[in-house]
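All remarks here apply to the structure that follows.
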Amino acid sequence: MAEPSAVSVVIPAYEEAAAIGSVVTDLRKAASWREVIVVDDGSTDATAEVAKQAGADVVKHPYNKGNGASVKSGIRHASGAFILIMDGDGQHRSESALHLVSFLGDYDLVVGARRTNGQATAARRLGNAALNWLASYLTGRQIPDLTSGMRAARASSLREFLHLLPNGFSTPTTTTLAFIKAGYSVRFEPIDAAARIGRSKIRLMSDGANFFLILLKVITVFSPLRIFVPLSAAAFTVGAAYGIWTGVTQHHITNSSVLLIMFAVIVLLVGLVSEQISTLRSEGPR
């Protein structure tokens with residue numbers, strides 16, 4: 001079990017003046033953390049000032065870079081042996097923070113899996129469910145909440161994957177899959193998430209378009225063969241079966257069969273190359 005005094009809390013915040021003060025205050029009342037770092041991602045409101053008044057160490061971006069960029073800045077500034085990352089919109093509770101931290105030591109990454117997500121729209125719930133299913137398939141283990149913004153981890157392990165983390169909203173997805181792929185011990189612990197204070201920064205149109213890109217990234221970066229091999233096998237099976245059928249009934253092999261078999265071979269080769277690139281990229285700098 002990690003003591004709170006060894007844990008640096010990192011809170012990415014953008015336009016969260018209405019919530020950040022109470023978030024920091026509750027955290028400081030709950031335990032004696034090593035430090036509470038609020039990364040103000042170029043807010044135009046009083047986010048930085050409110051956080052500083054509540055007792056947080058503030059890292060300020062000169063302009064809006066994205067949630068992931070804020071998390072990376074917080075990780076670089078953190079001095080604790082462990083890092084707890086949570087949202088600054090009031091969703092996450094200080095009790096949940098202490099609960100997750102209690103598993104550090106036995107686990108390298110502890111993810112707060114939200115029991116309910118009442119504020120989410122049907123589209124977001126569907127998107128999260130699709131991501132959870134895909135991640136579970138790619139990793140071979142059940143992942144109940146891939147996109148939760150609340151997680152605690154060893155600082156040294158998190159820094160191994162800084163080169164993989166995007167600047168946008170898919171940072172939780174990337175860290176979870178990276179830890180599992182690297183063989184670290186990962187735990188998903190149920191937590192309650194309250195309704196956020198203020199408006200969500202996620203936009204259905206722009207971030208919905210990025211959802212497809214996140215899926216492609218998850219596939220190609222972490223487990224490409226889990227997708228390429230079944231696709232190749234399916235194309236080869238259909239092509240070979242169609243070729244046998246036309247050979248028996250029409251006494252010749254059609255171009256369609258040949259193209260399907262060639263497609264299967266190409267997909268398999270691309271998958272093998274992608275797997276090698278994925279392995280090299282995942283290792284990255286140490």
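The values are calculated or read from the model by the stated rules, or taken from the named source; none is laboratory data. No experiment lies behind these values; they were computed from the predicted model shown. Ideal geometry is used to build each Cβ from the backbone, glycine not excepted, and the neighbour counts take in all protein chains shown. Surface areas here come from the heavy atoms of the whole protein model, side chains and all, with no ligands, DNA or RNA. Shrake-Rupley method; radii C 1.70, N 1.55, O 1.52, S 1.80 Å.
If you count only protein heavy atoms and use a 1.4 Å probe, how large is the accessible surface of Arg187, to the nearest 10 Å²?
Looks like 70 Å² after rounding.
Give the angle, between 0 and 90 degrees and rounded to the nearest 10, that separates the Cα long axis of helix 171-181 from the longest principal axis of the Cα atoms of the chain.
Here the helix axis deviates by roughly 60 degrees.
How much solvent-accessible surface does Thr237 expose, in Å² to the nearest 10, with a 1.4 Å probe and all protein chains in place?
We get 90 Å² for Thr237.
For segment 137-146, just list the computed ³J(HN,Hα) in residue order, Karplus coefficients 6.51, -1.76 and 1.60, θ = phi - 60°, integers in Hz, with x standing in for Gly and Pro.
Running phi through 6.51 cos²θ - 1.76 cosθ + 1.60 with θ = phi - 60° gives 5, 5, 9, x, 9, 6, 10, x, 8, 7 Hz.
Which value, in Å², gives the accessible area per residue of segment 136-185 when a 1.4 Å probe is used on the protein heavy atoms?
33
Give the long-range amide H neighbours of Ile191: residues separated by 5 or more places, or on another chain, with amide H under 5 Å away, using H modelled in the peptide plane at 1.01 Å from N.
Long-range HN contacts for Ile191: Ala113, Arg114, Arg115.
Ignoring any ligand, DNA or RNA, what whole percent of the accessible area of the chain comes from carbon and sulfur when the probe is 1.4 angstrom?
61
Once both axes come from the Cα atoms, what is the angle between helix 17-30 and the longest principal axis of the chain, in degrees from 0 to 90, rounded to 10?
So the inclination is approximately 80 degrees.
Using protein chains only and a probe of 1.4 angstrom, how many square angstrom of Ile253 are accessible, to the nearest 10?
About 100 Å², ignoring ligands and nucleic acids.
If you stretched the chain out fully between Gln276 and Asp26, how much longer would it get, using 0.36 nm times the residue separation minus the C-alpha to C-alpha distance?
Length gained between Gln276 and Asp26: 85.4 nm.
Helix 204-222 versus the longest principal axis of the chain: what is the Cα-based angle in degrees, 0 to 90, to the nearest 10?
The answer is roughly 70 degrees.
Each residue of segment 58-73 in order: what ³J(HN,Hα) in whole Hz does its phi give by Karplus 6.51 cos²θ - 1.76 cosθ + 1.60, θ = phi - 60°, with x for Gly and Pro?
10, 10, 10, 7, x, 7, 6, 10, x, 4, x, 4, 5, 4, 5, 4
Specify which labelled value, from (i) 195; (ii) 138; (iii) 173, agrees with volume of the Cα convex hull per residue in Å³ derived from the coordinates of the model shown.
It is the value labelled (ii).
Figure the gain on full extension for Leu162 and Phe263 (residue separation times 0.36 nm, minus the Cα-Cα span) and round it to one decimal in nm.
Values: separation 101, 0.36 × 101 = 36.36 nm, distance 3.59 nm.
The Leu162-Phe263 span can extend by a further 32.8 nm.
Please report the antiparallel percentage of DSSP beta bridges with both residues in the chain, rounded to the nearest 5.
Close to 25 percent.
For a quick check: with amide H placed at 1.01 Å from N, whose amide H comes under 5 Å from Leu104's, ignoring anything fewer than 5 positions away on the same chain?
Residues meeting the criterion, in which the H sits 1.01 Å from N, are Ala2.
When we measure straight from the Cα of Lys217, which lysines land under 24 angstrom away, once same-chain ones fewer than 8 places off are left out?
Lys65, Lys72, Lys181, Lys201
Segment 1-96: which chymotrypsin sites (Phe, Trp or Tyr not before Pro) are DSSP loop and have at most 10 other beta-carbon atoms within 10 angstrom?
Here the chymotrypsin sites (Phe, Trp or Tyr not before Pro) that fit, given the DSSP loop and packing criteria, are Tyr63.
Whose amide H sits under 5 Å from the amide H of Ala182, counting only residues 5 or more places off or on another chain, with H placed in the peptide plane?
Residues meeting the criterion, in which the H sits 1.01 Å from N, do not exist here.
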